[in-house]
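Trainee: Shown below is the structure under consideration.
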Amino acid sequence: FVFAFALMAGGGLLVGAEMLNPAIRRSTDLLSLVESHLIVSIPHISTRDEVRHKKSRRLYWVAAFAAIFAAALAAALFILPPPDTWLDKVMSVLLR
């Protein structure tokens, strides 16, 4: 009983502290403080350097994925038995 009461009291204190906290977390909180015509959104304009950086990052990710795929394929070809043997087994099972 005491534990449940302690949990309820702690939860109540938490809710009370959040309600008394004057921090602005959402746009509705800001709208309640200032007039709406004072709030405008500023669009993001990408610079050439940002665009180039984004393209080079994408190229690095594609190259990394291709390298990992090639390494996995090479490892599978060297570790697994030859493809014609296991492919024959798979086809015989499927075509029964």
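The values are calculated or read from the model by the stated rules, or taken from the named source; none is laboratory data. All figures in this text were calculated on a predicted structure; none of them were measured in a lab. Cβ: placed from backbone, ideal geometry, glycine included. Neighbour counts: every protein chain shown. Heavy atoms of the whole protein, side chains included, go into the accessibility calculation; ligands, DNA and RNA do not. Shrake-Rupley method; radii C 1.70, N 1.55, O 1.52, S 1.80 Å.
Trainee: With every protein chain left in place, what is the accessible area of Ser27 in Å² (1.4 Å probe, nearest 10)?
Mentor: Surface accessible to solvent at Ser27 totals approximately 80 Å².
Trainee: Give me the percent of accessible area attributable to carbon and sulfur for the chain, probe 1.4 angstrom. Please report the intermediate quantities before stating the final value.
Mentor: On the way: 6840 of 9450 Å².
Percent of accessible area from carbon and sulfur atoms in the chain: 72.
Trainee: Something else: Roll a 1.4 Å probe over the protein chains and send me the accessible area per residue for the chain in Å². Kindly include the intermediate steps, with their values, before the conclusion.
Mentor: Numbers: 9450 Å² over 96 residues.
Dividing the accessible area of the chain by its residue count gives 98 Å².
Trainee: Would you please state the base-10 log of I(q)/I(0) at q = 0.19, 0.30 1/Å for region 48-96, with intensities from the Debye formula using one equal scatterer on every alpha carbon?
Mentor: -0.72, -0.97
Trainee: Here are several values of Cα extents along the principal axes in Å: (1) 72, 60, 26; (2) 57, 36, 23; (3) 69, 30, 20. Which one was derived from the coordinates shown?
Mentor: Given (1) 72, 60, 26; (2) 57, 36, 23; (3) 69, 30, 20, the structure-derived one carries the label (1).
Trainee: If I ignore ligands, DNA and RNA and count only protein heavy atoms, how much of Phe65 is accessible to a 1.4 Å probe, in Å² to the nearest 10?
Mentor: Surface accessible to solvent at Phe65 totals approximately 140 Å².
Trainee: Can you tell me the length gained on complete extension of the stretch His37 to Trp86, counting 0.36 nm per residue apart and subtracting the Cα distance? Don't skip to the answer; put the middle values down first.
Mentor: Values: separation 49, 0.36 × 49 = 17.64 nm, distance 7.04 nm.
10.6 nm is the gain from fully extending His37 to Trp86.
Trainee: Here's a follow-up. At 7 Å along the Cα-to-beta-carbon direction for both Ser46 and Leu7, put a label point, then send me their distance in nm to one decimal.
Mentor: 4.9 nm
Trainee: Work from the charge dipole of the chain (Cβ charges, +1 for Lys and Arg, -1 for Asp and Glu, about the Cα centre) and give the residue of Gly11, Trp61, Pro81 farthest towards its positive end.
Mentor: Pro81
Trainee: For the pair Arg96/Ser27, report the inter-label distance in nm, with labels modelled 7 Å from Cα in the Cβ direction.
Mentor: Calculated label separation equals 6.2 nm.
Trainee: Another question, if that's okay. Might you report the magnitude of the Cβ-based charge dipole of region 1-60 about its Cα centre, with Lys and Arg at +1 and Asp and Glu at -1, to the nearest 20 debye?
Mentor: Numbers: 8 positive and 5 negative charges, 139 e Å.
That gives a dipole near 660 debye.
Trainee: Among rounded, prolate and oblate, which fits region 1-56 when a ≥ b ≥ c are the square roots of the eigenvalues of its C-alpha gyration tensor, a/c under 1.5 means rounded, and a/b larger than b/c means prolate?
Mentor: Values: a/c = 7.59, a/b = 2.01, b/c = 3.77.
The shape class here is oblate.
Trainee: May I pose another question? Solvent-accessible area of Val15, probe 1.4 Å, all protein chains present, reported in Å² to the nearest ten, please.
Mentor: Result for Val15: roughly 80 Å² accessible.
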